[in-house]
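Before any comments, here is the structure.
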Amino acid sequence: MIVISDTSPITNLAAIGQLELLRQLYTTIVIPVAVYNEMVSVDKTVPGAVEVQTLSWIQTQIVADTQDVINFQSSQDEIDLGEAEAIALALELKADLLLMDERRGRALAANYKLNIIG
């Protein structure tokens, strides 16, 4: 099963000490580089930042089609880079599931018939 995650599901579960639930439910989670950067390349400590750098079951992957990311970001949905890359990666990998909490990102992903939970 291929499961792609945006930032919020990881940070929210890590904040309450329940990140392990994702491994129990899905075995492996794939995040795009923008999600990784949103967590580790900021000045403040973000819940889950250490885990995305160290846990083998959270894998980071580059989005191959950057034009999709640009198109998603310039759409009227006004989604951020992490959401745009998560949707693009889910489409590229033909993901079984996309973990995303943000309403605008979920609406855009639904337009592409992605299975979403969040």
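The values are calculated or read from the model by the stated rules, or taken from the named source; none is laboratory data. These numbers were taken from a predicted model, which means no experiment stands behind them. Here Cβ is always computed from backbone atoms with ideal geometry, including for glycine, and neighbour counts include all displayed protein chains.
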Selection status of Glu85, crowded, with 17+ Cβ neighbours inside 10 Å, acidic (Asp, Glu) and at pLDDT 95 or above: yes
Top-ranked residue in the stretch 1-36 [being without any contact (Cβ under 8 Å) to a residue 12 or more places away in the chain and in a helix (DSSP H, G or I); ranked as surrounded by the fewest Cβ atoms within 10 Å (Cβ to Cβ)]: Gln24
